Amino acid sequence: MSLCRIVQPCDWVDPLSVLCGLSTYDGVAGLLAGAGDVKAHGGRLSYIGCDPDRVQVWPLSYDLFSHLKEEAWQAVPIIGVVSYDAGAREATGLRYAIWPDLILARYPALLIFDHHDSSLVALGVGRTEPEARAQAARARGWLASARAPQYPSAPAASLTETLSPADYAQAVAEVVKKIGEGELFQANIARGWSGYLAPERHPFDVFLRLSHGRGAAYGAFARWGDRAIVSNSPELFLNVDAAKGRIETRPIKGTRPRGADVQSDALLARELENSTKDQAENLMIVDLMRNDLARVSQPGSVTVEALCALEAHPTVYHLTSTVSAQLRSDVDLADVLTATFPPGSITGAPKHQAMKRIAALEPPRGVWCGSLFGAHLQSEGDLVASVLIRTASFQKSGEVWSWQALAGAGITADSDPLEEAAETEAKFSALRMALSNPDS
């Protein structure tokens with residue numbers, strides 16, 4: 001598809017302020033690096049789109065990413081979300097659905113924010129140059145509605161855990177037993193929380209509170225119809241630079257909560273850095289992701305650039321590794337996603353067997369540990385995709401939004417069930433405060 005792309009420079013406006021001004025619009029989608037604190041929490045580029053010219057929902061799709069090969073989804077910026085359950089179906093079989101397999105939205109008008117040099121451009125894509133210029137002008141027009149964020153009170157009317165710490169510990173013990181029997185090496189097992197927002201409250205209230213002082217590199221808010229996603233993910237699933245032919249993934253395995261004071265905080269950081277259990281957990285997933293990338297990469301090009309690097313986040317420490325490769329010239333974004341999804345860090349090893357064990361212990365996950373991704377945002381063939389951890393999904397019935405969130409831990413032979421349960425609490429803590437803590 002031959003399309004014209006027009007880029008118009010704009011004066012810098014904070015992306016969170018722009019998103020605030022557009023938050024009530026159906027079809028708004030914001031991928032926000034750092035969510036207002038990019039220097040502390042990483043990320044470089046933010047993207048905001050509104051009023052997509054095409055939105056399509058696939059409740060059930062057995063050839064999941066083939067849709068990205070269709071002409072309608074080529075060359076024009078798209079933002080999409082794919083559920084974990086859709087990617088796991090090959091291992092688990094058909095299960096009852098709590099979220100569509102795939103949602104795609106097309107944004108011929110887009111704002112792109114570069115936090116490193118505080119530059120902002122409006123992108124317009126069209127069949128002709130005048131059409132592309134009109135789309136870029138439409139994106140520029142969104143800046144006029146920008147407003148400073150006002151951080152609201154806690155919006156949740158209810159918050160219920162769907163699996164108690166004791167029941168979760170029992171599930172962990174079952175996985176440790178299966179590992180000892182040789183069924184698998186590692187599985188990521190989750191527990192969930194759910195509830196309702198108070199009447200007249202909105203998922204964007206949760207996003208504002210979640211991002212305030214707790215922003216992550218791959219924060220996101222998106223709403224399409226009666227569905228919305230709020231994410232504060234620190235984890236990059238995939239980044240594809242089409243011009244360089246480069247693909248990168250940054251799996252996270254290994255977690256400790258932040259300490260209550262400087263001394264305890266430093267102690268927890270050192271404990272994580274020196275943990276052979278967490279290092280082994282990370283190494284297993286690095287090996288899995290190396291294998292996944294190799295399926296679409298040039299032979300011998302897969303490289304581990306960083307291994308078990310300590311990263312500090314507002315509520316937790318993580319160990320993060322970086323794996324990169326050079327893509328083969330005969331693959332496209334659909335091929336890349338098919339080869340790698342679901343992310344290895346939230347399944348386990350071997351991936352297929354881990355997904356079967358997860359399904360035996362958990363109800364369907366929905367979007368949690370799926371991926372929110374943007375394609376063709378800066379240029380045709382580019383991709384940025386996050387792992388949807390630290391994420392809540394919302395569905396509206398009547399005038400009230402229900403919500404669901406999960407948190408998981410990587411279970412290995414050395415796992416202590418009570419410690420793994422405590423890890424899930426630490427991972428959910430930021431969302432808990434965003435939803436229900438009146439003092440946050």
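The values are calculated or read from the model by the stated rules, or taken from the named source; none is laboratory data. These numbers were taken from a predicted model, which means no experiment stands behind them. Quick reminder, even Gly has a Cβ in these numbers, built from the backbone with ideal geometry, and neighbours come from all protein chains shown.
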| task | For the range 226-235, enumerate the residues that are of a type outside the set (S, T, N, Q) and at pLDDT 95 or above. | result | Asp226, Arg227, Ala228, Ile229, Val230
| field | Cβ-Cβ under 7 Å pairs, at least 6 apart or on other chains, the range 148-174 side in a loop (DSSP other than H, G, I, E, B), far side among the charged types (D, E, K, R) and surrounded by fewer than 19 Cβ atoms within 10 Å (Cβ to Cβ) | value | Pro155/Arg201
| Residue check: is Ala139 in contact with a strand residue (DSSP E or B) (Cβ under 8 Å, 6 or more places away or on another chain), modelled with pLDDT of 95 or more and not in a helix (DSSP H, G or I)? | no
| Which of the residues that make up the range 264-283 are closer than 12 Å to Cys308 by Cα, of a type in the set (S, T, N, Q) and more than 24 Å from the chain's Cα centre (by Cα)? | Asn274, Ser275, Thr276
| message | Going residue by residue through the range 3-22, is there one that turns out to be among the polar types (S, T, N, Q), surrounded by 23 or more Cβ atoms within 10 Å (Cβ to Cβ) and either more than 28 Å from His313 (Cβ to Cβ) or at pLDDT 95 or above (or both)? | response | no
| In the range 284-310, which residues are crowded, with 18+ Cβ neighbours inside 10 Å and under 30 Å from Asp261 (Cα atoms)? | Cys308
| query | Does Asp241 qualify as being touching a strand residue (DSSP E or B) at 6+ places or on another chain (Cβ under 7 Å), farther than 21 Å from Ile389 by Cβ and in contact (Cβ under 8 Å) with a residue 40 or more places away in the chain? | reply | no
| said: Checking Leu333 against (1) out of contact with any Leu (no Cβ under 7 Å at 6 or more places or on another chain); (2) within 16 Å of Leu383 (Cα to Cα); (3) buried (at least 19 other Cβ atoms within 10 Å of the Cβ), only one condition comes out false. Which one? | reply: (1)
| task | Output yes when any residue across the range 363-384 is touching a residue at least 12 places away in the same chain (Cβ under 8 Å), within 22 Å of Glu181 (Cα to Cα) and not charged (D, E, K, R), and no when none is. | result | no
| request: Could you list, in sequence order, all residues of the range 149-160 that are of a type outside the set (Phe, Trp, Tyr) and in contact with a helix residue (DSSP H, G or I) (Cβ under 6 Å, 6 or more places away or on another chain)? | output: Pro149, Pro152, Ala154, Pro155, Ala156, Leu159
| query | How many residues, within the range 227-259, are in contact with a Pro (Cβ under 8 Å, 6 or more places away or on another chain) and surrounded by fewer than 19 Cβ atoms within 10 Å (Cβ to Cβ)? | reply | 1
| remark: The helices (runs of 4 or more DSSP H) lying wholly within the range 231-350 that contain at least 3 residues that are in contact with a helix residue (DSSP H, G or I) (Cβ under 8 Å, 6 or more places away or on another chain) are 276-294, 333-340
| remark: How many residues of the range 209-222 are surrounded by fewer than 24 Cβ atoms within 10 Å (Cβ to Cβ) and modelled with pLDDT of 95 or more? The answer is 1
| Residues Ile285, Ile252, Ile346: which one is within 25 Å of Glu420 (Cβ to Cβ), of a type in the set (A, V, I, L, M, F, W, C) and touching a His at 6+ places or on another chain (Cβ under 7 Å)? | Ile252
